[in-house]
1. Between segment 326-385 and segment 542-572, what's the alpha-carbon centroid distance in Å?
2. For segment 28-181, what relative contact order do you get, as a whole percent, if you take Cα pairs closer than 8 Å and at least 6 residues apart?
3. If you take every residue apart from D479 with its C-beta less than 10 Å away from the C-beta of D479, what net charge results, scoring Lys and Arg +1 and Asp and Glu -1?
4. List the residues whose amide H sits under 5 Å from the amide H of M465, counting only those 5 or more places along or on another chain, with H placed 1.01 Å from N in the peptide plane.
5. Decide, for segment 466-570, between rounded, prolate and oblate: order the square roots of the alpha carbon gyration tensor eigenvalues as a ≥ b ≥ c, take rounded if a/c falls under 1.5, and otherwise choose prolate if a/b is larger than b/c, else oblate.
6. Chymotrypsin sites (Phe, Trp or Tyr not before Pro) within segment 513-586: which are DSSP loop residues with at most 13 other Cβ atoms inside 10 Å?
7. Distance from the Cα centre of segment 407-427 to that of segment 472-514, in angstrom?
8. Taking the mean number of other Cβ atoms within 10 Å as a proxy for protection, how do you rank 141-149, 26-34, 12-20 from highest to lowest?
Amino acid sequence: MSKQTYKVGFFFRRQFTMAAAEAPADIKNLFKRYSDDSGVMSVQNLHRFLIEIQKEKNASLENAEAIINNHGGDSKQKGLQLDGFFKCLFSDVNPPLDPKLRIHHDMTAPLSHYYIYTGHNSYLTGNQLSSDCSDVPIIQALQRSVRVIELDIWPNSDKDDIEVLHGRTLTAPVALIKCLRSIKEHAFSASEYPVVITLEDHLTPDLQEKVAEMITQTFGDMLFSPSESLKELPSPESLRKRVMISTKPPKEYLQSKEVKEKDDTKKEAELFVVSTSSPNSLIDLPHNVFQQDDVDEEEDEDEDENDEEDPKSEKKAASEYKCLIAIHAGKGKGGLSDWLRVDLNKVRRLSLSEPELEKAVDTHAKEIIRFSQQNLLRIYPKGIRVDSSNYDPFVGWMHGAQMVAFNMQGYGRSLWLMHGMFRANGGCGYVKKPDLLLKAGPNNEVFDPTANLPVKTTLKVTVYMGDGWDKDFDQTHFDTYSPPDFYAKLGIAGVPADEVKKRTKMMDDNWIPSWDEQFEFPLTVPELALLRIKVLDYNLSDKDEFAGQTCLPVAELRQGIRAVPLYDRKGGKYSSVKLLMRFEFI
């Protein structure tokens, strides 16, 4: 034991005893059950524990022997003592997701059968109005296994080159070629499965041809460019280490370049107020400034996405550029029913804004699911999210949307859910959608996320304790006058029927909280469920202090007693902070 002293005013001190982490009562009882009279757990008994409690059906005697060799202490005893048993369970080698599983989903189905880790405005370093554009966030996203990178491409000031920036804002541009080269270098550093580059195109035909040249020279044989429109999307497996371009086919420029530039200048004047006194700061803008992002320029409703253009106009288009587009995007004319039209002879990508999706699920939920069984559906944040915040991804996921596009710098609950979803399947950036979203029923019915479904399974979670904060944080980080008062919040994110929140009791003045509480979560659609975990330090006079979080795909949880690492707000893993928990399906 050790002691910590905290100042209370100028003259007073408070002293607290720091006890070492101790095995919870349940762990002690399990050790007693699986050990002999001498207080040692043999190789054979540890093997039984791995199979019966940890549900590791493939565990071997060799596995048990390796654990004892690493945690057994005195080799003469040829077994585990309680201390070694506890440290083994609470160590990094016992995570809640099985590292041996790696990529285990079927990767040979069409791309439309997968959720795909998707970024929005992937080049922005901060907010949507005045932050810098850079290739750094693109690299960081690829290193997290993000598989869809979005680039907004515009002419530079001299109209002779291409820049990436958030148009008609104060964001500082970055050269397109720099972004492309960084994508090539880092595309497959974390995952070998395909990277899709979605382009929001604001270019004239001559610059589109220049983009085509850049892309071709940069990616070479890595580029997947089908010779004709795809009737079915290829599989992730067939596209290993390939890059795909997705955008709307080139517009037919019926107006002169000068007229277009004049129109763009007029739009800029209408939409944005630029402060000359502080050009790099955020400013108050009228409400209608934010409406532009609710209609993606690449998905302009007034443009027909029919590929059968007039041959004369075709000559004006950038044919080389068009040939690079592997996945054609576009809404076409008409309303939502037309946008969601399924063409058996052609696949495409449709983009809907966050508000458009919310309205669509009220009136066309079944059509959305049917569309996304064959085609790609991308969802992007509404324009008023200028702080780069995100939205609830489950609205899209429950209806089959593959590309739920997120601001990867928009830290918070929504992004934690995104991280949790894509921890599945070895973290490769592709997660197979559940069969219920891919197949129609006997009467051609499709999945209804709001239906009253029977419970398929119940997840029982025991939260034993936490440890490691005293190693990762300063003594007064949480409380100036005493050790922290930790409590844990748990919840299920998924279909509406499965959504629930629960919390543990608060442990006063303790760096090593021992909650020892059980919770049960009945699940109707466990295939889509995520377990959310957050630890907070209670604060009587102010907002409770964040102390760690994680989000885990329920379908891949390992049953048994597991050491659950926690992460900071930005998704970075703490060095030492972990929870000891038990997961059971009953």
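1. 33
2. Relative contact order for segment 28-181 comes out at 14 percent.
3. Taking every Cβ under 10 Å from that of D479, the sum is -4.
4. Residues meeting the criterion, in which the H sits 1.01 Å from N, are W515, D516, L580.
5. Because a/c hits 1.5 or more and a/b exceeds b/c, segment 466-570 counts as prolate.
6. none
7. The two parts, judged by their Cα centres, are 20 Å apart.
8. 141-149, 26-34, 12-20
The values are calculated or read from the model by the stated rules, or taken from the named source; none is laboratory data. Just so we're clear, the structure is a prediction, and the values are computed from it rather than from any experiment. Every residue, glycine among them, receives a Cβ derived from its backbone with ideal geometry; neighbour counts consider all protein chains shown. The accessibility values were calculated without ligands, DNA or RNA, using every heavy atom of the protein model including side chains. Shrake-Rupley method; radii C 1.70, N 1.55, O 1.52, S 1.80 Å.
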